[in-house]
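Every number in this text was worked out from the coordinates using simple rules, so none of it is lab data. All figures in this text were calculated on a predicted structure; none of them were measured in a lab. Cβ coordinates were reconstructed from backbone atoms using ideal geometry, including for glycine residues, and neighbour counts include every protein chain displayed.
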Amino acid sequence: MKNHINKFFAVLGLTILTSTTTFAAPGDIIPVLQILLLNGDDASPIGNKGASISLTGSITSNDQQWERLSEVCTSDGNTSNHYYDSFQITNNTGTAQKIEILAQWVGGANGDGYLHLATENFKTSNAFSTCITGDDDFNGRSGSLIPGGANFAPTINSGEVLTIIASTFTGNQAIGNYTITVSTLSE
Ligand SMILES: [Ca+2]
Ligand SMILES: [Ca+2]
């Protein structure tokens, strides 16, 4: 069984962690969870200049929670009860790129999302030190945009990995589906 799973992972192009290569019986749910976890660790490559990629997800009551920071990465007076998803992007274009990140919160009337960009090693425990910038509202509450307001267009260096955090304005609120578009600026 272990060999079959190893081959399955190999076909998917995923690396198996040594500590997780011991599986039990056929039909075990563990391999499925493992695929999801490993996929989550894969950073999505941004496009070349003028191109964009899309990331989709949903903020649900099953998501992790954090003390959602402000647009300038300071405390927003929140408690640690804001649901969030995180994505990693990377730059394989061979040269530094400026990017724009647009989140569209399409989950209905309660879709007041909040967008942040952080360094590769973002965790809820080091959010203050890894956060780069954020944005609450763009075009009303239906969107968030980095750069937004007085923010700057972030640079992602060649080979660098950054973390995008999709979250909410209000605590304990599952706002549903969203789409995040990461555009590589032409300038
Ligand atoms: Ca989610
Ligand atoms: Ca918002």
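Just to be sure I understand: if I project the alpha-carbon convex hull of the stretch 44-184 onto a plane and average over all orientations, what area do I get in nm²? Mind showing how you got there, number by number?
Working: hull surface 29.8 nm².
Mean shadow area of the hull around the Cα atoms is 7.4 nm².
Can you list the residues, at least 5 places off or on another chain, whose amide H is less than 5 Å from the amide H of T133, using H built in the peptide plane?
Close amide H contacts, sequence-distant or interchain: L117.
What Rg and what Dmax come out for the stretch 58-124 when only alpha-carbon atoms are used, in angstroms?
Spelled out, the Cα radius of gyration and Dmax of the stretch 58-124 are 13.9, 41 Å.
List every residue whose amide H lies under 5 Å from the amide H of G107, counting only residues 5 or more places away in sequence or on a different chain, with H placed 1.01 Å from N in the peptide plane.
Here N177 satisfy the definition.
Would you tally the net charge around L55, using a Cβ to Cβ cut-off of less than 14 Å, leaving L55 out, and scoring K and R as +1, D and E as -1? Spell out each step's value before the answer.
Numbers: positive: none; negative: D42, D85, E100.
Here the charged neighbours net out to -3.
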